Amino acid sequence: MLEILRKQRNKQRLTEIYSKYVDKYADLLNCLEKTYGYKPRMQDAWRSLELQRKYWSIGKSWLKVGAHNFTLPGERKAALAADILNDRDPLGKNSIEYWAVLAIEAHKRGLETGICWNLKQGPGTHRAAMETAIAAGSIFELARLVDIDRGQDPCHVQAQGWQEIARGGTI
């Protein structure tokens, strides 16, 4: 993607994020670019229920309704999730380090990725080791673990506890 288009896309997608989280996502994008040299692209932020259900029906999403689908009164978009790709490797063929950095930097901002999704939970599991590496900010260790096994959606970034946010009516 052309650099100017990537930046325009990110700016537009940030308008689709719930206002209480815009600064967290903007800071994450800035950090990925300025600190690590990646070219982060917000592929998706808000999406309609119709599109979400289509993704679900073709196996592209595990949820019929998720963190991408929130709206405020007046149909204002208020996504609690965004898919953030590295524009230098949008298909993720060489993205292990990027996924590790994304997970750790998202965690620092009260966000989380899908890097551990669908991995067995519990003490002593691969997932527990990954979660420890994320909390410790250990990019090398997390990348090593991700190279062995990873969750379903490492580029999906969502507000930690978005389900509780939605249930509590704080949107």
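The values are calculated or read from the model by the stated rules, or taken from the named source; none is laboratory data. Keep in mind the model is a prediction, meaning the values are calculated, not measured. Neighbour counts run over all protein chains shown; Cβ positions are idealised from the backbone, glycine included. What goes into the accessible areas is simple: the full protein's heavy atoms, side chains included, and nothing from ligands, DNA or RNA. Shrake-Rupley method; radii C 1.70, N 1.55, O 1.52, S 1.80 Å.
Can you say whether A135 is crowded, with 22+ Cβ neighbours inside 10 Å, small (G, A, S) and closer than 21 Å to L29 by Cα, as far as the supplied structure shows?
Taking the combined requirement at face value, the residue does not satisfy it.
So how many residues does segment 51-85 have that are farther than 21 Å from N118 by Cα, touching a residue at least 60 places away in the same chain (Cβ under 8 Å) and surrounded by 12 or more Cβ atoms within 10 Å (Cβ to Cβ)?
Selection size over segment 51-85: 4.
Would you point out the residue of segment 150-171, among those that are part of a loop (DSSP other than H, G, I, E, B) and out of contact with any Phe, Trp or Tyr (no Cβ under 9 Å at 6 or more places or on another chain), that is modelled with the highest pLDDT?
So, considering only residues that are part of a loop (DSSP other than H, G, I, E, B) and out of contact with any Phe, Trp or Tyr (no Cβ under 9 Å at 6 or more places or on another chain), the one modelled with the highest pLDDT is Q160.
I'd like the full set of residues that are under 17 Å from S138 (Cα atoms), free of Cβ contacts under 8 Å to residues at least 60 places away in the same chain, among the aliphatic types (A, V, I, L, M) and outside any helix (DSSP H, G or I), limited to segment 97-125.
I115
Working carefully through the options D147, D83, find the one that is in a helix (DSSP H, G or I), of a type outside the set (S, T, Y) and out of contact with any Ser or Thr (no Cβ under 9 Å at 6 or more places or on another chain).
After ruling out the rest, the residue left standing is D147.
Step by step: first the residues of segment 142-171, then only those that are among the charged types (D, E, K, R) and open to solvent by 60 Å² or more (accessible area, probe 1.4 Å), then the one that is nearest to P73 (Cα to Cα). Which residue is that?
Per the stated criteria, the residue is R167.
Looking only at segment 1-33, count how many residues are under 17 Å from A159 (Cβ atoms) and part of a loop (DSSP other than H, G, I, E, B).
So the count comes out to 6.
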